[in-house]
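A short write-up of the structure that comes next.
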Amino acid sequence: MSTQTRTNRPFLTWLEILIIIFGLGAMLVIGGLGAAGLLTLSQSFAATAAQSFWFISRSSGVLAYLLLTLSVLWGLVQSGAILRPLIPPALALGLHNFLSWSALVMAGLHAVVLLGDGYINMGLLSLLVPFTAPVQPFWVGLGVIALYLSLLLSLSFYVRKHIGQKNFRAFHYLTYLAYILVTLHGLGSGTDSLSLLVLYAISAGAVINLTFWRTAKALLKK
């Protein structure tokens, strides 16, 4: 009678842990560099420091929204296997992960920069706790919740093998909630530019249309 030794796989491999640390570290480093750069900017251009903080925060917020939109669209393309003959699944998943983390980094910079804006007087607690911001707490709070949710979604890539593909896909439906919260955050926090309204409209239209296409394709397979 032979006995087989079963080796339990660790919940997270060292490589996965290093990737998670790198992703979180990248957010902190880029945010720190952005804050340091803004501090230097404020010392050099004291007269326009407040406007500079606001401009960079807003610019990074728009870029974060673009990256989030691309991440959502690419996730739909990937789940629909549109480009599977051309792009290997591992590469497609890696690109989706990269877009998600890039959006998080820009969102982190978007938030951290506001700490240097003397006009808003945004504190660290206001950035971490939803609905506590001194200005437009509700809309800012939606953005904070979306940031936490996006972080969890990005981290889920590294536990996909442990929770199973079915649970992974089910959890990633929360991407829609994060996207809706971010869109509401952007609209409610003050959109005084027609170009941004057009951006939100195009983004939402693309996500809705591709979602309908993906749903129709899934129903036709049944």
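Readers should treat all values here as calculations from the given coordinates under stated rules, not as data from a laboratory. Bear in mind the structure is a predicted one, so any value in this text is a computation, not a measurement. All Cβ positions, glycine included, derive from the backbone under ideal geometry; neighbour counts span all protein chains shown.
Worth a mention:
- Ordering 200-213, 172-185 by mean Cβ neighbour count within 10 Å, with the highest value first, yields 172-185, 200-213.
- Among the chymotrypsin sites (Phe, Trp or Tyr not before Pro) in segment 94-124, those located in a DSSP loop and surrounded by at most 13 other Cβ atoms within 10 Å of their own Cβ are Tyr119.
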